[in-house]
Amino acid sequence: MEAERRTHALDLLTEAAAKAKRWGNVPFPPAFIRAGEGHRPPLARLIQGGRGGEVRLKLYLCITMMATSKPYDLRANPTPSRWARLLALPPDTGARRVGANLKWLDDNEYISLQPRVGLPPAITLLSAHGDGGEYVRASEEGRYVGVPVEFWTLGWVLDLSPTGIALLLVLMELQGGYKEPRYAPQYRRLAYGISSDTWTRARKELESHELLTVHRIPQGGDFDYRRLRNTYWINIERLKGAPALETFRK
């Protein structure tokens, strides 16, 4: 992305966080990230569709960051052009892509759009569980994944790919409150709804940003076949620093 677009987007993201009085962490419920058997979680559904998935995921994350109090809506909703600038999208296609993906989020019950004469539609968040119900702050439901607000204000939301963001949230959910690297068993990986190829590509991206450390450790007892498995550790403090210039996505 162009450096000038990115700089302006960072200013808008910082302004949006300040206006929303958003400090500390933005909470997401585990049900947003992983689902029960036979279901695909809301996060995995958001990143389907390649390029379109990127815009809808980042729009949803920004709306969640900005909607901080009941009824969790954005009455002063930015125009599609301003959304496009906030996401550092190209000016010739950005507004159209934002409009199409806001409609997708509405059609798929992530948000509700309320038309207004002469103004952009008001946006209301719906349940992060993906069932179209009323939005409830994840921190009020119990366990949650807390994403530092710097993820937005320092530009991680701009620089990471949609699959990189998805795996970041997945591994933060897996890590939970543990103090040591975690192994992701097959049943858990299936619950996240992310393919092996996507997992591998996103893992390399997170490692390049020094957000993720992967270790290989033996599995089994002394008299068992010693198969190696991966363990994962997300450096959450790294999210509170700016991405390195050389790892910006183009």
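Observations
Each row is one residue, and each column tells you yes or no for (1) assigned to a helix (DSSP H, G or I); (2) surrounded by 21 or more Cβ atoms within 10 Å (Cβ to Cβ); (3) small (G, A, S); (4) modelled with pLDDT of 95 or more.
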residue	(1), (2), (3), (4)
G49	no, no, yes, no
G52	yes, no, yes, no
L57	yes, yes, no, yes
I63	yes, yes, no, yes
A76	no, no, yes, no
A88	no, yes, yes, yes
V98	yes, yes, no, yes
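- Annotation: L190 fulfils all but one of (1) closer than 13 Å to R34 by Cβ; (2) in contact with a strand residue (DSSP E or B) (Cβ under 8 Å, 6 or more places away or on another chain); (3) surrounded by fewer than 19 Cβ atoms within 10 Å (Cβ to Cβ); the unmet one is (2).
- Neighbours by Cβ (under 7 Å, 6+ apart or cross-chain): first from region 56-72, under 19 Å from D11 (Cβ atoms); second not hydrophobic (A, V, I, L, M, F, W, C): L59/N101; M65/R22
- Subset of region 6-21 [farther than 16 Å from W156 by Cβ and open to solvent by 30 Å² or more (accessible area, probe 1.4 Å)]: H8, E15, A18, K19, K21
- The lone exception for R249 - which of (1) assigned to a strand (DSSP E or B); (2) open to solvent by less than 80 Å² (accessible area, probe 1.4 Å); (3) at pLDDT below 95 it fails: (1)
- Taking the listed residues L174, L167, L158, the one that is over 26 Å from G38 (Cα atoms), open to solvent by less than 60 Å² (accessible area, probe 1.4 Å) and either in contact (Cβ under 8 Å) with a residue 24 or more places away in the chain or out of contact with any strand residue (DSSP E or B) (no Cβ under 7 Å at 6 or more places or on another chain) (or both) is L158, with no other qualifying.
The values are calculated or read from the model by the stated rules, or taken from the named source; none is laboratory data. Everything numeric here is computed off the predicted structure, so don't read it as measured data. All Cβ positions, even for glycine, are placed from backbone atoms using ideal geometry, and neighbour counts span all protein chains on display. What goes into the accessible areas is simple: the full protein's heavy atoms, side chains included, and nothing from ligands, DNA or RNA. Shrake-Rupley method; radii C 1.70, N 1.55, O 1.52, S 1.80 Å.
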